[in-house]
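For reference, the structure discussed in these notes is given below.
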Amino acid sequence: MVSIDVWNASVDFPIFDAKTRSLKKAVLGKVGGKIASDAKVPIIEALHDITVSIKEGDRVGLVGHNGAGKSTLLRLLAGIYEPTRGAARTVGKVAPVFDLGVGMDPEISGYENILIRGLYLGMTRKEMQKRVDDIAEFTELGDYLSMPLRTYSTGMRVRLALGVVTSIDPEILLLDEGIGAVDAAFLDKARDRLVDLVRRSGMLVFASHQDELLFELCSSALWMDEGRIVKEGSLREVIGGYKGKDPFAHMSKEALERIGESPVLTTKSGEVQ
């Protein structure tokens, strides 16, 4: 049975050559957390005292502002980062989807990149070969799939990468918020495939700023700030606490219907009725 358990885990990054404040700020913006002010060597406290248990069947959203530590936590769960203090244990095959372009080679064809990207995500060559036709049909790239990736536009690369990502069978699926930063029209087309991907996975942890996608894919959430877990619980409760308002209040009727919620009525002042 797949599971992830983290006990009082912290992740620190010492910056040995940080000579300027701007460099410290640049690093801080990438990993989250805060800079330890009493250390001789500047240390980025990216995660601090994290304890969380995620079991098979869980669908967990990560919310918080940029730099709150969401991406660092995903990398800890994936085993990319080791805890500086505390411990973390992951049982199951992890499919980390942090960057749609990772594992793709601009000098080889789209077809070859389908195989390489699939291998990067933990699939076998035989498994990916069975999925090639389905991915090709989904991307609508036609003859471009026989051409080098460097000839693709950004949108075409996203189509190819998203086609591969939504074809895998993960035990533990870790999605970073970049998965939602794609063309809106194509994301609508891919929505059913994303939902099916999550349904096939044993477990999901998804970091995103997009409430609609979170409610469509997740059932619970963790709110992170400065590398700490501020609140955990139901998705509605956590997002409501993070944003200070009912998360459904500003969603369209179509979006509410898609996630199975009734339209939210508001007064002219914006208060939820």
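Can Val195 be described as β-branched (Val, Ile, Thr), in contact with a helix residue (DSSP H, G or I) (Cβ under 8 Å, 6 or more places away or on another chain) and either touching a residue at least 60 places away in the same chain (Cβ under 8 Å) or crowded, with 22+ Cβ neighbours inside 10 Å (or both)?
Here the answer is no, as Val195 does not meet what is asked.
With respect to Gly86, is the statement that it is at positive phi, over 16 Å from the mean Cα position of the chain (by Cα) and not polar (S, T, N, Q) true?
Answer is yes for this residue.
Can you confirm whether Lys189 is in contact with a Gly (Cβ under 8 Å, 6 or more places away or on another chain) and surrounded by fewer than 21 Cβ atoms within 10 Å (Cβ to Cβ)?
In short, no.
Mind checking whether some residue in the range 118-126 is at pLDDT 95 or above and among the aliphatic types (A, V, I, L, M)?
Checking the range 118-126: not a single residue is at pLDDT 95 or above and among the aliphatic types (A, V, I, L, M).
Exactly one of these conditions fails for Glu112: (1) more than 15 Å from the chain's Cα centre (by Cα); (2) under 29 Å from Lys55 (Cα atoms); (3) of a type in the set (Asp, Glu). Give me its number.
Single failed check for Glu112: (2).
Would you please list the contacts, defined by Cβ atoms under 6 Å and residues six or more apart or on different chains, that run from a residue in the range 103-114 that is surrounded by 15 or more Cβ atoms within 10 Å (Cβ to Cβ) to a residue that is among the aromatic types (Phe, Trp, Tyr)?
Sorted first by the residue in the range 103-114, then by its partner, the pairs are Gly103/Tyr120.
Considering only the range 52-67, state which residues are in contact with a strand residue (DSSP E or B) (Cβ under 9 Å, 6 or more places away or on another chain) and not in a strand (DSSP E or B).
Glu56, Gly57, Asp58, Gly64, His65
The values are calculated or read from the model by the stated rules, or taken from the named source; none is laboratory data. This structure is a prediction, so every number in the text was calculated from the model and none was measured. Positions of Cβ are generated from backbone atoms using ideal geometry, with glycine treated the same way; all protein chains shown enter the neighbour counts.
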